[in-house]
Amino acid sequence: MDQFLCSPEEVTAQYGPPDSAPRSRVVYQSLEELGTRNRRLAHEGVAAAQDLLVKRYRLDDSRDGFELLRTVSQQCNVKLHTLADAVVRVPAPDRDARLWFPARRRHDPPRLPGLSLEPGSRGAQGAVLKAVLHRVLSIAQTPMGNVQLLDGDRLHLARHAGLNRYFTEFFAFVDGSTTACAQAASQRRQVTVGDVATAEVFDEASRHAILQAGSRAAHSVPLTSGSGAILGMVSSHHERPVADFTAAQLAAFQQTGAHTGRWLSWHWNTVVLDALERLHATATPTALRRPSGRFPPGA
């Protein structure tokens, strides 16, 4: 893991005060408006998967598509939105194929040094993300933080601690570049915001959402696969402005992000693809009972 023990200047970016240009007036969203937005965004992903499944497996309607997603999600302990995202993103199985991934090799979950996990929980995403957040907050010495996972082209809030409802609703989905976590994801490196109140990285709505939760500083760490792909973010939040972190802290953050990213890659290629395989096996008999007995092209 020596390649991750980088000096602070190699792995972090810091954001300070903006230029003195006047800020435009901002209209802040209410909790109700944020909830409506989040339900719409969540529905969009699931609806796209439903429609694709109806076409691919000749289901009667979108309700059958949703029931298929819901059932397999519960059976395989995979979040509904994660399964829907996989249905849309992963190339369709070969026509008439009984197996979606016939040549796939399965592996045990990778080790996660430094994380406190209950015995037998190394393959469970909820337990791993809880341990990852606890580890990062311990390194940062703060009770506030969150974990976000990449769903399609958005970051989706997956775990949080010490943050109020307005914060979690506002950052339930992040798809812009006006947050520290989005900057860290796009730059593929750690980002420290020493003072949220004055940092130029935020738009005013994001700044308000963070400050009202009692956070004055933030640090974001990318969760990267072995190939360097961004699979998520973990961020700490701090009650007071921070100047910087020690080299040892930055190295520990980086190692945690790398180990977690490799685990997330394993989870996708094992647990999520297992769920797709089960979905395919469940739906294929229905498709083969339809006229022609073959999958439609392009589905």
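The table that follows gives values for the structure above.
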| read-out | value |
| --- | --- |
| Residue 86 within 20 Å of the chain's Cα centre (by Cα) and surrounded by 15 or more Cβ atoms within 10 Å (Cβ to Cβ) | yes |
| Condition check for residue 170: modelled with pLDDT of 95 or more, surrounded by 17 or more Cβ atoms within 10 Å (Cβ to Cβ) and not β-branched (Val, Ile, Thr) | yes |
| Selection count where residues are in contact (Cβ under 8 Å) with a residue 24 or more places away in the chain and closer than 20 Å to residue 46 by Cβ, scope the range 82-99 | 10 |
| Residue match in the range 52-61 (condition: surrounded by 13 or more Cβ atoms within 10 Å (Cβ to Cβ), closer than 24 Å to residue 152 by Cα and free of Cβ contacts under 8 Å to residues at least 24 places away in the same chain) | yes |
| Any pair with Cβ under 7 angstrom, 6 or more apart, that starts in the range 102-119 at a residue that is touching a residue at least 60 places away in the same chain (Cβ under 8 Å) and under 14 Å from residue 265 (Cβ atoms) and ends at one that is in a loop (DSSP other than H, G, I, E, B) and not aliphatic (A, V, I, L, M) | 109/122; 109/123; 112/122 |
| Those residues of the range 114-141 which are within 25 Å of residue 162 (Cβ to Cβ), in a loop (DSSP other than H, G, I, E, B) and open to solvent by less than 80 Å² (accessible area, probe 1.4 Å), in sequence order | 114, 115, 117, 121, 124 |
| Selected residue (only one of 209, 243, 199 is part of a loop (DSSP other than H, G, I, E, B), more than 28 Å from residue 266 (Cα to Cα) and open to solvent by less than 20 Å² (accessible area, probe 1.4 Å)) | 199 |
| Pairs where the first residue, in the range 225-246, is closer than 16 Å to residue 215 by Cβ and the second is part of a loop (DSSP other than H, G, I, E, B) and open to solvent by 40 Å² or more (accessible area, probe 1.4 Å), C-beta under 7 Å, 6+ apart | 238/216; 239/216; 240/216; 241/216 |
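The values are calculated or read from the model by the stated rules, or taken from the named source; none is laboratory data. Bear in mind the structure is a predicted one, so any value in this text is a computation, not a measurement. Don't worry about glycine lacking a Cβ; one is built from the backbone with ideal geometry, like all the others, and counts go over all protein chains shown. These area figures cover heavy atoms from the full protein model, side chains too; ligands, DNA and RNA do not enter into them. Shrake-Rupley method; radii C 1.70, N 1.55, O 1.52, S 1.80 Å.
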